[in-house]
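The values are calculated or read from the model by the stated rules, or taken from the named source; none is laboratory data. Small disclaimer: the values here were computed from a predicted structure and weren't measured. Because the Cβ atoms are built from the backbone with ideal geometry, glycine has one as well, and the counts that use them run over all protein chains shown.
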Amino acid sequence: MSIDLRRWFGMGGVGAHENPLAYIWERRLHWVMIVVALMAVPAFYLEALQREVPLQHIGWALDLFIFVAFSLETAWMLHLCHNKTVYLKYNWLNVLIIGASALGLVGLPSEWLPLVRLLRVAYVALILARMLASVRILFSTNAIPYAFTLGLVTLISAGAGFYWLEPTIHSFGEGLWLAFTTGATVGYGDYVPTTPISRAFAVVMVVVGFTVFSLVTASVSALFVGEDEKRLRREMHQNVLELRREIAEMRAELQHQGMIGQDSSADEAKKSPANEEI
């Protein structure tokens, strides 16, 4: 019996023999929740690592939005599913994300600050785990459009981020150039981050850039590997057909010499037809 690792990691989705509407809404909400999950990174940075009160408030608002979005999604899917216990069992990661975000919104006393920060790191890791599990399509042979779209969206978002955070960047085009040189780890030196927040954003962009470029490379590689597999499959099919023709000729020769009967030859021909496709 095969083991579904997605269920073990709390990302099993809708179970078998469920309400058809549950499957429809799962597909509709899939990428929406991925975008919501991505907000956990800036929320963690703004709320836990920034000292300015306005930036902390923005991070808190993002945490609140993530909490509400995941709560509404889970409640709606439970409403659609017949077996609610099975859905919660297969998607226990959602429950942990909701609980971790709720603890971050409570505002515990200062003596609990180390625990709160640990919970926040675990919370971001859980959300990123769900997000990364959802981009497995990018490693398939038909995922090149998705990979390039992801790279384009990431580049545009990073360019806007640098344009907003870095005071030496005076246009969106310069922000795009800095985002590309940072994500690709080229570093020409014509534009560099100068403030702590833009440098921290650059660190994130280096990690994201490695990830996106790896996904694009993996998608292109999967395309070539898939073509090689198709070619090998066609060659194998031709070899099997050639082998069957040779066997048929040998049986005809043996039948002509009277060493085998016509009935047995016909039975064998039915068992392995020469026109069978692979």
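Listed here are the residues, each with its yes/no results for (1) modelled with pLDDT of 60 or more; (2) exposed (fewer than 13 other Cβ atoms within 10 Å of the Cβ); (3) part of a helix (DSSP H, G or I); (4) not assigned by TED's automatic domain parsing to the domain that holds Thr194.
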residue	(1), (2), (3), (4)
Leu119	no, no, yes, yes
Ser157	yes, no, yes, no
Ala160	yes, no, yes, no
Pro167	yes, yes, no, no
Glu174	yes, no, yes, no
>> Only one of Glu235, Glu227 is within 30 Å of Ala147 (Cβ to Cβ), part of a helix (DSSP H, G or I) and modelled with pLDDT under 80. Can you tell me which?
In response: Glu227
>> So, Glu52, is that one in contact with a Gly (Cβ under 6 Å, 6 or more places away or on another chain), among the acidic types (Asp, Glu) and at pLDDT below 80 or not?
In response: no
>> So, in the stretch 251-268, exactly how many residues are at pLDDT 75 or above and either surrounded by 11 or more Cβ atoms within 10 Å (Cβ to Cβ) or under 52 Å from the mean Cα position of the chain (by Cα) (or both)?
In response: 5
> Do we have Phe162 as more than 20 Å from Pro42 (Cβ to Cβ) and within 26 Å of the chain's Cα centre (by Cα) here?
Replying inline: no
>> Between Val216, Val240, which is under 19 Å from the mean Cα position of the chain (by Cα) and either of a type in the set (A, V, I, L, M, F, W, C) or in the same structural domain as Gly59 (by TED's automatic domain parsing) (or both)?
In response: Val216
>> Please go through the stretch 79-92 and give me each residue that is over 23 Å from the mean Cα position of the chain (by Cα) and loosely packed, with under 15 Cβ neighbours inside 10 Å, ordered by number.
In response: His79, His82, Lys84, Thr85
> Considering only residues of the stretch 176-188 that are outside any helix (DSSP H, G or I) and hydrophobic (A, V, I, L, M, F, W, C), which is farthest from Gly209 (Cα to Cα)?
Replying inline: Val186
